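Engineer: The following block contains the structure, expressed as structure tokens.
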Amino acid sequence: MIAFLDRHEWCDEGAGHFAGLLSFTIRREVMRMTIATLSEAARLSRGLSQSALADKSGHHAANISAIESGRRVPRVDTLDRILRTSGARLAISPTVRTTALEAGAEIRRALRNGDPSQAFRTWLAFNDDLAAETPTHRVVLTAFPPQSTGNALYDAALAALAEYRLAEASAPLPDWVGNTPGLAQPRVLTDSQYVTAGDLGVVPEPFRRRGVLIDIDSLQGA
């Protein structure tokens, strides 16, 4: 989602002008980081290096690196052309909820930063977003495959969650859900080291089949 400033935010004097400037700065940074996250995630989900994407898209690798790092905000047509090379495209959807692509990227970042609690909260928030949406929007939010989180448990958990919420809505499953491998040994999905498999109640079938152990009550949301 890219937010645009209302022109009236620039009309106030003094503190109002400062608030408008601060709002613009925050929104610009949100836009910058969203584009950086999604462009990198789309590339990685297809297994492309920056140089390979540059060759296929006709853009210099340095430009792609600048976009993915947030140092440069591309024009809409430039971003669309780069995304199409990654097998994606820009589109307008009537929802502001998180996609599987975004959730995977945020979980990956949290784990890299040594914050497993944030990774788990991001996964739960994605569950809540899917649960709150219509069947059509659930399909939209899970259509594009997420990049690997770098963690087999969370990769399997994202696929299990997508299957669980789509099946709940009698919606079709995208290919990446079936192609994501499960775990060789079952593991508990939690942000607490004290929760064990014996503490869990009913584990939904899409999770159990993949070796991802989480109680169905944890999926009910707030």
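The values are calculated or read from the model by the stated rules, or taken from the named source; none is laboratory data. Predicted model, so just to flag it, every value in this text is computed and none were measured. Quick reminder, even Gly has a Cβ in these numbers, built from the backbone with ideal geometry, and neighbours come from all protein chains shown.
Engineer: Being under 17 Å from the mean Cα position of the chain (by Cα) and closer than 30 Å to residue 135 by Cβ is the filter here; which residues of the stretch 48-93 pass it?
Structural biologist: Within the stretch 48-93, 83, 86, 87, 88, 89, 90, 91, 92, 93 qualify.
Engineer: Please go through (1) within 14 Å of residue 41 (Cβ to Cβ); (2) of a type in the set (A, V, I, L, M, F, W, C); (3) in a helix (DSSP H, G or I); (4) not assigned by TED's automatic domain parsing to the domain that holds residue 56 for residue 144 and return the number of the only condition it doesn't satisfy.
Structural biologist: So residue 144 meets the others, but not (3).
Engineer: Given the conditions (1) touching a Ser or Thr at 6+ places or on another chain (Cβ under 8 Å); (2) exposed (fewer than 15 other Cβ atoms within 10 Å of the Cβ); (3) of a type outside the set (Asp, Glu), which single one is not true for residue 76?
Structural biologist: Evaluating residue 76 over (1) touching a Ser or Thr at 6+ places or on another chain (Cβ under 8 Å); (2) exposed (fewer than 15 other Cβ atoms within 10 Å of the Cβ); (3) of a type outside the set (Asp, Glu) leaves (1) as the failure.
Engineer: Among the residues of the stretch 123-143, which ones are within 17 Å of residue 88 (Cβ to Cβ) and surrounded by 23 or more Cβ atoms within 10 Å (Cβ to Cβ)? Walk me through it before giving the result.
Structural biologist: Filtering the stretch 123-143 for residues within 17 Å of residue 88 (Cβ to Cβ) gives 139-143.
Answer for the stretch 123-143, where residues must be within 17 Å of residue 88 (Cβ to Cβ) and surrounded by 23 or more Cβ atoms within 10 Å (Cβ to Cβ): 141, 142.
Engineer: Regarding the stretch 145-156, can at least one residue be identified that is touching a strand residue (DSSP E or B) at 6+ places or on another chain (Cβ under 6 Å), in contact (Cβ under 8 Å) with a residue 40 or more places away in the chain and of a type outside the set (Ser, Thr, Tyr)? Give the derivation first.
Structural biologist: The initial filter retains those residues of the stretch 145-156 that are touching a strand residue (DSSP E or B) at 6+ places or on another chain (Cβ under 6 Å), namely 153, 156.
Subset that is in contact (Cβ under 8 Å) with a residue 40 or more places away in the chain: 153, 156.
Going one step further and asking which of them are of a type outside the set (Ser, Thr, Tyr), we end up with 153, 156.
Yes - at least one qualifying residue is present in the stretch 145-156.
Engineer: Considering only residues of the stretch 147-166 that are outside any helix (DSSP H, G or I) and among the small types (Gly, Ala, Ser), which is surrounded by the fewest Cβ atoms within 10 Å (Cβ to Cβ)? Even if it seems obvious, please write down each step before you answer.
Structural biologist: Going through the stretch 147-166, the residues outside any helix (DSSP H, G or I) turn out to be 147-151.
Checking the rest, the ones that are also among the small types (Gly, Ala, Ser) come to 148, 150.
Details: 148: 16, 150: 13.
Restricting to residues being outside any helix (DSSP H, G or I) and among the small types (Gly, Ala, Ser), the top hit is 150.
Engineer: Residue 219 passes all but one of (1) modelled with pLDDT under 90; (2) hydrophobic (A, V, I, L, M, F, W, C); (3) buried (at least 17 other Cβ atoms within 10 Å of the Cβ); which number fails?
Structural biologist: For residue 219, the exception is condition (1).
Engineer: Give just the number: which of (1) at pLDDT 80 or above; (2) closer than 27 Å to residue 160 by Cβ; (3) surrounded by 12 or more Cβ atoms within 10 Å (Cβ to Cβ) does residue 96 not satisfy?
Structural biologist: (3)
Engineer: Among the residues of the stretch 186-216 satisfying the criterion of being among the polar types (S, T, N, Q) and within 18 Å of residue 118 (Cβ to Cβ), which is surrounded by the most Cβ atoms within 10 Å (Cβ to Cβ)?
Structural biologist: Here is the first cut: in the stretch 186-216, the residues among the polar types (S, T, N, Q) are 190, 192-193, 196.
With within 18 Å of residue 118 (Cβ to Cβ) added as a condition, the list becomes 190, 192-193.
On the way: 190: 18, 192: 10, 193: 8.
Step by step, filter the stretch 186-216, then rank; the result is 190.
Engineer: Residue check: is residue 117 surrounded by fewer than 16 Cβ atoms within 10 Å (Cβ to Cβ) and not in a loop (DSSP other than H, G, I, E, B)?
Structural biologist: Working: surrounded by fewer than 16 Cβ atoms within 10 Å (Cβ to Cβ): yes; not in a loop (DSSP other than H, G, I, E, B): yes.
Answer is yes for this residue.
Engineer: Within the bounds of the stretch 121-135, is there any residue that is without any contact (Cβ under 8 Å) to a residue 60 or more places away in the chain, more than 20 Å from residue 207 (Cβ to Cβ) and either aliphatic (A, V, I, L, M) or assigned by TED's automatic domain parsing to the domain that holds residue 49 (or both)?
Structural biologist: Within the stretch 121-135, none of the residues are without any contact (Cβ under 8 Å) to a residue 60 or more places away in the chain, more than 20 Å from residue 207 (Cβ to Cβ) and either aliphatic (A, V, I, L, M) or assigned by TED's automatic domain parsing to the domain that holds residue 49 (or both).
Engineer: Please tell me if residue 163 is of a type in the set (Asp, Glu), over 14 Å from the mean Cα position of the chain (by Cα) and under 27 Å from residue 86 (Cβ atoms). Write out each step before concluding.
Structural biologist: Details: of a type in the set (Asp, Glu): yes; over 14 Å from the mean Cα position of the chain (by Cα): yes; under 27 Å from residue 86 (Cβ atoms): yes.
Yes: the conditions hold for residue 163.
Engineer: Tell me, yes or no, whether the stretch 61-76 has at least one residue that is touching a helix residue (DSSP H, G or I) at 6+ places or on another chain (Cβ under 9 Å), in a helix (DSSP H, G or I) and touching a residue at least 40 places away in the same chain (Cβ under 8 Å). Don't jump to the end; show me each part of the working.
Structural biologist: Step one: filter the stretch 61-76 for residues touching a helix residue (DSSP H, G or I) at 6+ places or on another chain (Cβ under 9 Å), giving 61-65, 67-74.
Filter again for in a helix (DSSP H, G or I), leaving 61-65, 67-69.
From the residues that got through so far, the ones that are touching a residue at least 40 places away in the same chain (Cβ under 8 Å) too are none.
No, the stretch 61-76 has no match at all.
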